[in-house]
Each structure stands twice: as structure tokens, then as C-alpha cells.
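Remarks on the structure that follows.
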Amino acid sequence: MRVVTVIDRAFAALLAMAVFAGLASAQSPLRVDVTEGHLDPLPIAITDFISANSDGREAETGAEIARVVTSNLGNTGLFAPVDPDAFIEEITDIDLRPRFGDWRVIDASALLVGRVTIDQDNRMIVAFRLWDSATEQQLLGMRFVTSPENWRRIAHKVSDAVYQRLTGEEGYFDTRIVYVSEGVGPDGEPIRRLAAMDQDGANPSFLTDRSYMALLPNYAPNAQQITYVSFRDGQATSYLYDLETGRQEALFDSGSARSTMEGQSLSARFHPNGRELVVSAERRGGHDLFRFDLRARTLNQLTTHPSDDVEPSYSPDGEQVVFSSSRSGQSQLYVMNADGTDPVRISFGEGRYTTPVWSPRGDLIAFTKQLSGRFMLGVIAADGSGAERILYEGYFVDTPAWSPNGRVILFTRGDAAREGTRYSIWSVDLAGFNLRRLPTQGPASDPAWSPLID
């Protein structure tokens, strides 16, 4: 999809207004603090994006864009979209200043208005303005140019732009989630297929078929590839999947890696440079960590401890790796240099620590742990300092995955059911608030969250 982002000539006044808006915001900034749990989210009014030419298709698309933006921002827990039934002013021209009193009286701190134009070449131009109702100043103005079928991605891009302007951090709406769709075959056998969807559950599709089990997907930094674990040959093997072409290949079927690998391979994760992977692989009856060069197809061993070292994850700068290991008796978390040197234990609490994943921000590591028959999702400082924070506790918790901005965590949640454990994907923010189930088609597990899509 090609999307052109520009500041429209009709928005040229924004350049001058931005200076004044900056002065106003210095006195009373309209800003959402994402570092705290929000029991008092920011009220924002989001009007249907108007039609530029009284065209039914434009009006319908504008209403859908507003609906998706409203859902995106509302689902963060940071914003409280105002009920459209409370709106007093009807927006008919986004190039005219709103009647701000009409928006203040309904307690809308921010106002988002937009316009949709579909020209004779079937290009769609979506323009919007974000206003501060208190200072009566424009905070943001942009337009996107693309084809009409891409309206939903434009809605996500608008959401990202508004989120970034009001929080000071990148959004996470124009992203995809790959996960494992859980099912049961005609003879009661488990079926686990890779599936993908937009972060809000739209546009779901299957990536693999029912002929083999697929687990533990992880995204590449370019969002165009994933790794996953397959049981096609009767043992766990890491595969590389190109999302653009659909091409799949076993990672260790060629080069020196073939002779090095002796058994199953698990949990391959990309280096931030996209050219290497770190993977847990079986050798001499135990699991060690290896670095795999995607170009040379070579494996370099990083750990040699008699205990199993598994579930590796790179730091955002690629300089370190976190992993879980039973080398201290039961599974705990360790951080080492990316070359395998200087492993240091960072978890010391009671229970069994597993599934560590480094935050994109670099400051925290998410993990799950099991203690006294309960499962927990938590975060710990990357250097092990301070106390761990438990964000959720339940019957079963597994496979955390970070949002691209490091503010939200997806995880697998299992709940007891008559037919056994029923799996679903949930999200929670770093304050332990805004627990929310993701809309998937049936039971689901093992989420992987893409970077922002270009």
C-alpha cells in the first residue's frame, strides 16, 4: 500500500499557528501522561469526517474512519471519546475554526475533525485537524493520499498521529498481530494454525493450514517476515516465513547449521539489525543458545551450560540477550552480552520465571512466572534492580509480547473450561490497568506484535 503524508496547502496556516499553539501549550499543555494508570482519561470529541463533495461514498468512508479512530483511542484507556449524541456543533467545513464553547460545554478537551475527498483519478485524500478546546489552538493538521480501499490503514495512521501529539510517544495502531489460532480436529486432535490480523482484530486471515502445528511466531524488525516453530517432521523446528511472498523455509536445513543442529530448535528471535537470529537449539541432550546468521547460514554457540538455556530475546540495541535457565535450580531470568559472555541472573523472587521479552524501550523485561499453582505476568528492570511488578495473575498466563512503543503487553490467557483450558489473547498496560481481550476468531494464543508498518 502506498500512502503519501503531506501538510496540505490548505493547512499552511498551521505553520504559523504552531508557534502560537506552542506558547499556549507552554502555559497549559494538553498532554496525556502514559506513565501512570488512567482513572481519568482525556475526553476527546471525534466527529465523522465530512465529505468534500456531498458524495455518499466519501461520507460513508468518513464515518468509518471516525469509528475506527474512536475505537483505537478509546481502547488505550488514555482517552474517553465523547458520545456523538452530545455534540452541539455540526462540522461542515474543517477549514473554519470550530465554535469552541460548544465543545467545552460537553467537556471535550480535544476535538478531532476531518474530511474525505475522492478525486476523479480515484485517489482518496484524508485531511484532519486536532484542536485544543481550552486554548482554542490547533495542535496538529495533516493529510494522507492513497486509494479508497486503504481507508482503514488511514484511520490507524490518524490514530497514531493523534496519540503521538497528545502523549509525546509513538502510537501502535498501524500494526499487525500474528498469533496461533487454536482449534480441535474431527478426532479431537489439537489444531494450531498461524493467523494474522490488524491490531484491532480487523482483516483476519490464516497463514498456515491444518496439516501441521505451528507455534511461537516472532516478527522481524521490517515487519515483513516472521519466525515460528513447526512440528512438520515430528520435532520442533524453527521456520522463516516471508509474509509478502508466502515462502517458508526451515532455518537450519543448509550450510554448517545442518551439521551443528542435533534436535529441536525453539523460540528464534530476530536481532534488531534483521540479519541475525538468536535461538535455543538442542545439542547433546540439552538446550543451548545460538546466534544464527541468515546470510551465511551459520550457527555460533553462545552458551554451554549443562542446564537448559531457552527463550532468548535481544535488547533493542542488540548488545545483550535475556533468557531463562534452570542453572540455579529452577527457571530464572538471566542477561548476558550478545556474544554469550558475562551471564548475570536478574530475577530472585519465588516461583518459576519464564518467557522473558525485552521491551522496545530497553528499560524493562516482561516475563511470566508460576508460583503455588498460579500464573503471573510481570515486568522487571533490565538490570534486575528494584522490585518486579506483577500486572496480571490468573489460571494460566504465557507468551508476552510488547507493543512497538513499549507501553502495552499482549499475553496468552488460559481459563478453565468444561472441555479443558480455553486460550485467548489479552492486553494490559504497564500500570496493570486497561485489561482487555483482543477480538480473535475463536480460541487464540502466542501473540506477536509487529513494528509500525511503513
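A Cβ distance below 8 Å, combined with a sequence gap of six or more or placement on separate chains, defines the contacts here; from the range 237-253, residues that are within 11 Å of Gln225 (Cβ to Cβ) reach residues that are part of a loop (DSSP other than H, G, I, E, B) and of a type in the set (S, T, N, Q) in the pairs Asp242/Gln224; Leu243/Gln224; Glu244/Gln224. When you scan the range 88-109, do you find a residue that is within 25 Å of the chain's Cα centre (by Cα) and either of a type outside the set (Lys, Arg) or within 30 Å of Ile409 (Cα to Cα) (or both), even just one? Within the range 88-109 (the criterion being within 25 Å of the chain's Cα centre (by Cα) and either of a type outside the set (Lys, Arg) or within 30 Å of Ile409 (Cα to Cα) (or both)), the answer is no, since none of the residues qualifies. For the range 396-421, a residue qualifies if it is surrounded by fewer than 17 Cβ atoms within 10 Å (Cβ to Cβ) and either modelled with pLDDT of 95 or more or not assigned by TED's automatic domain parsing to the domain that holds Leu243 (or both), and exactly one does: Asp415. The criterion of being at pLDDT below 95, assigned by TED's automatic domain parsing to the domain that holds Phe128 and of a type in the set (Ser, Thr, Tyr) does not hold for Thr76.
Within the range 341-355, can one find any residue that is within 26 Å of Gly171 (Cβ to Cβ) and either out of contact with any strand residue (DSSP E or B) (no Cβ under 8 Å at 6 or more places or on another chain) or in contact (Cβ under 8 Å) with a residue 40 or more places away in the chain (or both)? Within the range 341-355, one or more residues are within 26 Å of Gly171 (Cβ to Cβ) and either out of contact with any strand residue (DSSP E or B) (no Cβ under 8 Å at 6 or more places or on another chain) or in contact (Cβ under 8 Å) with a residue 40 or more places away in the chain (or both). What residue, among those in the range 329-351 that are among the acidic types (Asp, Glu) and more than 18 Å from Ala387 (Cα to Cα), is surrounded by the most Cβ atoms within 10 Å (Cβ to Cβ)? Across the range 329-351, the extreme among qualifying residues is Asp339. Within the range 168-186, being in contact with an Asp or Glu (Cβ under 8 Å, 6 or more places away or on another chain) and closer than 20 Å to Arg361 by Cβ holds for Glu170, Gly171, Tyr172, Phe173, Asp174, Thr175, Ile177. When the strands (runs of 3 or more DSSP E) confined to the range 386-454 are screened for residues that are in contact with a Pro (Cβ under 9 Å, 6 or more places away or on another chain), those reaching at least 2 such residues are found at 396-402, 408-417, 420-429, 444-449. The test for being without any contact (Cβ under 8 Å) to a residue 24 or more places away in the chain and either surrounded by 21 or more Cβ atoms within 10 Å (Cβ to Cβ) or closer than 26 Å to Ser445 by Cβ (or both) holds for Pro190. For the range 47-99, a residue qualifies if it is small (Gly, Ala, Ser) and either at positive phi or surrounded by fewer than 22 Cβ atoms within 10 Å (Cβ to Cβ) (or both), and the qualifying residues are Ser51, Ala52, Ser54, Gly56, Ala59, Ala63, Ser71, Gly74, Gly77, Ala80, Ala86. Counting only strands (runs of 3 or more DSSP E) that fall entirely inside the range 275-368 and contain at least 3 residues that are closer than 30 Å to Gln224 by Cβ and either modelled with pLDDT of 95 or more or under 26 Å from the mean Cα position of the chain (by Cα) (or both), the qualifying elements are 276-283, 286-293, 309-314, 320-325, 332-337, 352-358. Figure legend. Inter-residue proximity from the range 68-96: first residues under 18 Å from Arg115 (Cα atoms), second residues surrounded by fewer than 21 Cβ atoms within 10 Å (Cβ to Cβ) and at pLDDT below 95, beta-carbon distance below 8 Å, spacing 6+ or different chains. Indicated pairs: Asp95/Ala10. For the range 375-412, a residue qualifies if it is farther than 20 Å from Thr76 by Cα and without any contact (Cβ under 8 Å) to a residue 40 or more places away in the chain, and the qualifying residues are Phe375, Met376, Ala381, Ser385, Gly386, Ala387, Glu393, Gly394, Tyr395, Phe396, Val397.
The values are calculated or read from the model by the stated rules, or taken from the named source; none is laboratory data. All values reported here derive from a predicted model rather than from experimental measurement. All Cβ positions, even for glycine, are placed from backbone atoms using ideal geometry, and neighbour counts span all protein chains on display.
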